[in-house]
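Presented below is the structure to which this report refers.
The values are calculated or read from the model by the stated rules, or taken from the named source; none is laboratory data. All values derive from a computational prediction rather than experimental measurement. Neighbour counts run over all protein chains shown; Cβ positions are idealised from the backbone, glycine included.
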Amino acid sequence: MTGTLYDRTASAAAAAVISAYSTSFGLATRLLGVRVRGHVRNVYALVRVADEIVDGEAAAAGLSLDAQRRTLDALEEETLDAMSSGFSANLVVHAFALTARECGITPEHVRPFFASMRTDLETASHDAASHDDYVYGSAEVVGLMCLQVFANAGRPDAPIPAPAALVTGARRLGAAFQDINFLRDLADDAGLLGRDYLGVTDGSTRATVLDRIDADLDAAAETISLLPADCRAAVTAAHDLFAALATRLRTAVGDERVRVPDPVKAIIAARAVAGRPPVRRAS
């Protein structure tokens, strides 16, 4: 990414946040083309900071629920202001605003995300409708932000909307990622945070969630070939990493937190770089 020294410093700060928090995500972003890589890191850095406000770090620092809510509200307001003005004194927010302005990420993406984050401070247990609303804001719109990056990063003209088929694929992939994370973190969400996103009470309901995940992954896989060439390997790798997690979740015992071993991650990345299609789950 180009820009002023301040712009580049902000993007470097966002990259540092992502590098510290997620090895799997770091692997996938390294497979993105240079045109889009920094922008995607800028998006996920803001997501990560917002998540910390509601998922324990702020509470551990002694913030009450009301204080956490005010902090989250202030971050949302600062983000929207920076998207309008092009500047923030918060480096992560500034980096996100740079990406939003270049790539056509709008308040219609940002507001549902913060609404879902706010839900974590207000709702402990979800039914089917509130689950779907939460997943849209917490995961599907993040996929839509990344899709705007894929479609528009580096364009000389004004940003354009992504094609409808890719919008559907991005939403389905985001939903699958989120439900997989919910299943992986079932014990921690319940025991540490007092939250129940899925209503999984037995093997049958767990299988139902995994069947939904498989359907979402397959629907997303159908659209990956439509992405720009410099994005396909990374999205395929991310898709297949989560598909591997879904496989392990089928046979996980008790509260075991499943993970994909590093050698398997390397094989998944190599397949993606070689241009192999994403794996299919339900068929």
Test: residue 99 is among the β-branched types (Val, Ile, Thr), part of a helix (DSSP H, G or I) and more than 29 Å from residue 239 (Cα to Cα): no
Close pairs from region 132-154: first over 15 Å from residue 100 (Cβ atoms), partner among the hydroxyl-bearing types (Ser, Thr, Tyr) and surrounded by fewer than 21 Cβ atoms within 10 Å (Cβ to Cβ), Cβ under 8 Å, at least 6 apart: 133/119; 134/119; 134/123; 137/119
Hits in region 1-28 (condition: of a type in the set (S, T, N, Q), at pLDDT 80 or above and under 15 Å from the mean Cα position of the chain (by Cα)): 19
Residue within region 126-143 that is surrounded by fewer than 20 Cβ atoms within 10 Å (Cβ to Cβ), β-branched (Val, Ile, Thr) and more than 24 Å from residue 34 (Cα to Cα) present: no
Residue check, residue 116 surrounded by fewer than 16 Cβ atoms within 10 Å (Cβ to Cβ), at pLDDT 95 or above and in a helix (DSSP H, G or I): no
Residue within region 237-260 that is acidic (Asp, Glu) and modelled with pLDDT of 95 or more present: yes
Residue match in region 190-206 (condition: charged (D, E, K, R) and at pLDDT 95 or above): no
Segments classed as helices (runs of 4 or more DSSP H), wholly inside region 149-257, with at least 2 members that are surrounded by 21 or more Cβ atoms within 10 Å (Cβ to Cβ): 164-184, 203-221, 229-251
Qualifying residue in region 69-78 (condition: at pLDDT 95 or above, part of a loop (DSSP other than H, G, I, E, B) and within 24 Å of residue 13 (Cα to Cα)): no
Answer from 64, 19, 11 - the residue that is touching a Gly at 6+ places or on another chain (Cβ under 8 Å) and either of a type in the set (D, E, K, R) or over 24 Å from residue 108 (Cα atoms) (or both): 19
